[in-house]
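To start, the structure itself, in structure tokens.
The values are calculated or read from the model by the stated rules, or taken from the named source; none is laboratory data. All of these numbers come straight from a predicted model, not from anything done at the bench. Heads up, the Cβs are rebuilt from the backbone with ideal geometry, glycines too, and the neighbour counts pull from every protein chain shown.
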Amino acid sequence: MWTLAGCLLVFVVFIALASYVSGRTRLVLVNEAGRELRVLTARIPGEACTFERVPVHGRVVCQGRANADGDLAVDLEFTDGGKVQLETGEFVNPLLGLRGVVTVSADGGVNFQRD
């Protein structure tokens with residue numbers, strides 16, 4: 001009897017741990033805009049990573065966990081005061097997470113490549 005209960009407990013813990021690990025979001029953001037970004041923000045549902053003074057060719061890492069289904073969004077603020085809000089169309093949810101590289105391009109767009 002205890003053997004069955006022990007196996008069931010181990011199974012439940014394993015499933016919970018696997019769900020937690022797979023649901024993490026890890027994004028590498030790369031500034032290829034051709035100029036420094038005063039502020040670079042990556043937003044997923046329930047989480048936002050904000051970085052200041054990101055140099056040209058600079059890389060920053062955003063990690064977290066979404067608390068609902070939604071899309072990845074990127075906000076840019078340039079040193080001249082210009083602001084741009086971009087929707088990537090990349091879907092993220094709490095169970096699957098999202099991993100990849102987000103490149104801010106010189107034309108003001110973003111490219112996403114999954115890991």
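Computed quantities for the displayed model
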| item | result |
| --- | --- |
| Breaking point among (1) assigned to a strand (DSSP E or B); (2) of a type in the set (A, V, I, L, M); (3) closer than 18 Å to Ala106 by Cβ, for Val28 | (3) |
| Residue pairs meeting the criteria (Cβ under 7 Å; at least 6 apart or on separate chains; first free of Cβ contacts under 8 Å to residues at least 60 places away in the same chain, in the stretch 91-115; second among the polar types (S, T, N, Q) and surrounded by 13 or more Cβ atoms within 10 Å (Cβ to Cβ)) | Val110/Thr88; Val110/Thr103; Asn111/Thr103; Asn111/Ser105; Phe112/Thr88 |
| Which listed residue, of Asn93, Asn31, is surrounded by 15 or more Cβ atoms within 10 Å (Cβ to Cβ), under 21 Å from Asp115 (Cβ atoms), modelled with pLDDT of 95 or more and not charged (D, E, K, R) | Asn31 |
